[in-house]
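Structure first, commentary second.
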Amino acid sequence: MTNEQSNESTNLPDATILPGATIGMVGGGQLGRMFAIAAMQMGYDVVVFCGSSDEPAGQVATRTVTGNLMDRETVHKFAAQCDVITLEFENIPAETMRWCGEFAPTYPSHHVLATAQDRLIEKQTFHDAGLAVTPFQSVRSADEVRSFATQYGWPVIVKTARSGYDGKGQYRLQNESDAHDVPWDSADAWIAEQCISFQREASVIVARSSVGEIRCFPPFENEHRNHILDVSFCPSTLSGDQCDQATRIATKAAEVLDLVGVLCVEFFVVDETTLLINEVAPRPHNSGHLTIEACHTSQFQQHVRAVCGLPLGSTDLRVGGAAMANLLGDVWETDGANPCWNRSLSIPSVSLHLYGKAEPKIGRKMGHLTSTGRSVEDAVQSVNDARDALERVL
């Protein structure tokens, strides 16, 4: 193999996959799209395995393979083209990634997926490793939720153990009566979590390479609307000690999972000394989109570097502050007409990222805006102003 011969001649680690090789991306959404753009800028070919060549990642990739993720023959057709394979979303079937691993190094591994796809397994894994998580318990009925609430109090958050994101499959139960309204038969397993009173929400994206190098981005602070990330900004308002603690926890989480690639660890910041892991995602994350403009190395380029065994890049901010605001389908007119983008782009510090999705829907992530500035306050103000300009009635 050309890449292996190159490694021998330059004393590079066996895990190093150099530009010119082909990276496989399982999944065709916006995360795959931004990954493909970063990889191709670095000189890699990218083949995307997705349902349609018109999906966001398929629109920009070198080539696509379309088909069912559980069709082993199609998976093999895809994987045989790749020198290394990664994914854009943790709900890819673990079996698919195991099949991919028969042809090329695959990151994250199907073992990591098996953990990240099940909230109960994920929480138990981190708890057993000594990492602080929200109190939780497996539940299957209203009676079991009531028993959990006896110990931890109401309200209780109940979620499906598998699948679900952006608030889907999640219920906030104020009392025992609400527990009877949960559609228990609609999922095989459920998890109850204590409803945490927290000061703010934050996330850390950590990269761990195939040769063991680890780097963390500075913590991002996140604001949600209707269970969907609304605005992220950096630097966060966390203290220096809290930032150090968040970075240590994220690093250990990546090591516990034996992850290769990038991992987002989402935290509840309870008080000055207590950070609880809420969820993790073994992939680039919405809260890290601002790194494209704000950091020396974006989360997407860092993911490329990690899975290819290249030295990881600097995660430092290049600016005083940065912010990202999601653009949901709500911004579009009811007839689907495009927003008046010149209103946003009249603010010089603002950048526009659209994902190539043809049909805007309420709550659907269609793109995002970022802004950089001398301070984080300036960046947040600019990105909010830019989005507000789109939402203003013409």
Handout entry: residue 371 among the hydroxyl-bearing types (Ser, Thr, Tyr) and in contact with a Leu (Cβ under 9 Å, 6 or more places away or on another chain)
Key = yes
Problem - Selection count where residues are assigned to a helix (DSSP H, G or I) and within 20 Å of the chain's Cα centre (by Cα), scope region 82-135 - result: 17
Problem - Every residue from region 199-213 that is out of contact with any helix residue (DSSP H, G or I) (no Cβ under 6 Å at 6 or more places or on another chain) and free of Cβ contacts under 8 Å to residues at least 60 places away in the same chain - result: 212
Fill in the blank from the handout: Among (1) at pLDDT 95 or above; (2) touching a strand residue (DSSP E or B) at 6+ places or on another chain (Cβ under 6 Å); (3) part of a helix (DSSP H, G or I), residue 3 falls short only on (1)
Handout entry: Filter result (assigned to a strand (DSSP E or B) and either within 19 Å of residue 35 (Cβ to Cβ) or in contact with a Cys (Cβ under 8 Å, 6 or more places away or on another chain) (or both)) within region 266-290
Key = 280, 281
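With the structure loaded, tell me whether residue 386 is modelled with pLDDT of 95 or more, small (Gly, Ala, Ser), more than 18 Å from residue 288 (Cα to Cα) and in the same structural domain as residue 232 (by TED's automatic domain parsing) or whether it fails that test. If you could, list the steps in order and put the result at the bottom.
Details: modelled with pLDDT of 95 or more: yes; small (Gly, Ala, Ser): yes; more than 18 Å from residue 288 (Cα to Cα): yes; in the same structural domain as residue 232 (by TED's automatic domain parsing): yes.
In short, yes.
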Exercise for the section: Return the only residue of 35, 78 being aromatic (Phe, Trp, Tyr), surrounded by 24 or more Cβ atoms within 10 Å (Cβ to Cβ) and without any contact (Cβ under 8 Å) to a residue 60 or more places away in the chain. Expected result: 78
Completion exercise
Here the residues within region 107-134 that are among the aromatic types (Phe, Trp, Tyr) and within 12 Å of residue 90 (Cα to Cα) are 107
Completion exercise
When restricted to 194, 170, 174, the only residue out of contact with any helix residue (DSSP H, G or I) (no Cβ under 9 Å at 6 or more places or on another chain) and over 20 Å from residue 281 (Cβ atoms) is 174
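The values are calculated or read from the model by the stated rules, or taken from the named source; none is laboratory data. All values derive from a computational prediction rather than experimental measurement. A quick note on method: Cβ atoms are made from the backbone with ideal geometry, for glycine too, and the neighbour counts reach across all protein chains shown.
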